[in-house]
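The values are calculated or read from the model by the stated rules, or taken from the named source; none is laboratory data. Keep in mind it's a predicted model, so treat the numbers as computed, not measured. Here the Cβ positions follow ideal geometry from the backbone for every residue, glycine too, while neighbour counts run over all protein chains shown.
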Amino acid sequence: MIDVHQHLWPEAFVERLRARREPPYLDGWTLHTATEAPYDVDPAAHEIDKRVALEQDAGTQLAAVSLSSPLGIEELGDADLLAAWHEGAAEFPKPFRAWASVDLREPAGLKDLLDKGFLGLQLPAHVLTTPSGWEAQADLLQILEQANKPILVHPGMARTSEEQCWWAPVVDYTTQLQAAWWAWHALGGRRTYPKLRLCFAAAAGLAPVHHERLAARGGRLGTIDPNLYVDTSSYGPQGIDAVARVLGIDQVVHGTDRPYADTADLRQGAAATAVIRRDNPFRLLFGTTTPERGVQ
């Protein structure tokens, strides 16, 4: 089994967050961000030995971890914080590997991170909500396509602050993902980057389900894009079944968003589950088919 979407904080990264005095920062284990209510982090969720044991019990062969983009770190200009993430993540034991992140204000160093074994690049969705937002990342997209590495589009910073803890994940995050999905299509991104592989977290906020509305308003879905994926994080059988009916089962990949969510039973049957949990994630991450099929 391959999980393309998890989060795990290295110890040095935690200490750097505690050393900060402006959002994002940690006060003990309480996380403060610029736009969301304080969040009490579970320390056990970032204990590496416990997480390794959890993945071993689940039969996970590869778990791809990434920086938490809602913290807004990619736009802080805090090089030490980014370095603490990459240096710590590079040392994670199996089955963990990591997505890279860059300072979007001065996006240097991506090639070096890819050479060091990072799986690809995570980009925050809130900077990709318009075609011009995608165009602004052209240098990064070109590097990734040339290196045969994928992109994970992950929810970024929430734009509003609400007391309800569910507001940002349910409203802000999904809105960002939907806008980023449509902006990619409006740009004609596939014409510019014909070989670039992309994955939108959280089923792209269910954006694919709105393709009927696209057609009703004069747009066109076109053919299925074999290099465009969505992950399953935070959705269950209803949401994923609806997305798969539009994109096809081959474009759906297993992602949990652990420790904030867990594996869901998608009720797709053994064959489809094998494709979602192993075959499709392998193609997304490495651009090739799996050497063996089946649920792992």
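List of remarks:
- Of all residues in region 44-97, those satisfying the criterion of being of a type in the set (Phe, Trp, Tyr) and under 26 Å from PRO169 (Cα atoms) are TRP85, PHE96.
- Of the residues making up region 125-149, those that are assigned to a helix (DSSP H, G or I) and under 19 Å from ASP231 (Cα atoms) number 2.
- Taken over region 258-278, residues that are surrounded by fewer than 22 Cβ atoms within 10 Å (Cβ to Cβ), within 15 Å of MET1 (Cα to Cα) and within 18 Å of the chain's Cα centre (by Cα) amount to 3.
- Those strands (runs of 3 or more DSSP E) lying entirely in region 9-124 with at least 3 residues touching a Ser or Thr at 6+ places or on another chain (Cβ under 9 Å) and small (Gly, Ala, Ser): none
- Some residue of region 138-145 being modelled with pLDDT of 95 or more, closer than 27 Å to ALA12 by Cα and in contact with a helix residue (DSSP H, G or I) (Cβ under 8 Å, 6 or more places away or on another chain): yes
- Exactly one residue out of GLN146, GLN142, GLN137 is buried (at least 16 other Cβ atoms within 10 Å of the Cβ) and not hydroxyl-bearing (Ser, Thr, Tyr): that is GLN137.
- The test for being farther than 15 Å from TRP184 by Cα, touching a Phe, Trp or Tyr at 6+ places or on another chain (Cβ under 7 Å) and surrounded by 16 or more Cβ atoms within 10 Å (Cβ to Cβ) holds for LEU119.
- Total residues in region 209-235, condition of a type in the set (Ser, Thr, Tyr) and farther than 17 Å from ARG190 by Cα: 4
- Within region 85-122, tally of residues that are in contact (Cβ under 8 Å) with a residue 40 or more places away in the chain and within 19 Å of ASN148 (Cα to Cα): 4
- Filtered by the rule that a residue be outside any strand (DSSP E or B) and within 17 Å of the chain's Cα centre (by Cα), region 187-207 gives LEU196, ARG197, ALA201, ALA202, ALA203, ALA204, GLY205, LEU206, ALA207.
- Given (1) without any contact (Cβ under 8 Å) to a residue 40 or more places away in the chain; (2) of a type outside the set (S, T, N, Q); (3) not in a loop (DSSP other than H, G, I, E, B), index of the condition TYR229 fails: (1)
Quick grid of which residues meet (1) within 24 Å of GLU15 (Cβ to Cβ); (2) of a type outside the set (Phe, Trp, Tyr); (3) surrounded by fewer than 24 Cβ atoms within 10 Å (Cβ to Cβ); (4) under 13 Å from the mean Cα position of the chain (by Cα):
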site	(1), (2), (3), (4)
SER68	yes, yes, yes, yes
LEU81	yes, yes, yes, no
ALA84	yes, yes, yes, no
PRO95	no, yes, yes, no
ASP103	yes, yes, yes, no
ASP112	yes, yes, yes, no
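- Selection count, region 170-203, where residues are within 13 Å of GLY156 (Cα to Cα), hydrophobic (A, V, I, L, M, F, W, C) and at pLDDT 95 or above: 6
- Restricted to region 203-223, and to residues there that are out of contact with any Leu (no Cβ under 6 Å at 6 or more places or on another chain) and among the aliphatic types (A, V, I, L, M), the residue that is farthest from SER69 (Cα to Cα) is ALA216.
- Taking first residues from region 51-67 that are of a type in the set (Asp, Glu) and partners that are crowded, with 17+ Cβ neighbours inside 10 Å, the Cβ contacts under 8 Å between residues at least 6 apart in sequence or on separate chains come to GLU55/ASP3; GLU55/ALA63; GLU55/PRO95; GLU55/PHE96.
- When region 1-45 is filtered for residues that are charged (D, E, K, R), over 17 Å from SER101 (Cβ atoms) and touching a helix residue (DSSP H, G or I) at 6+ places or on another chain (Cβ under 9 Å), the ones remaining, listed by number, are ASP3, GLU11, GLU15, ASP27, GLU36.
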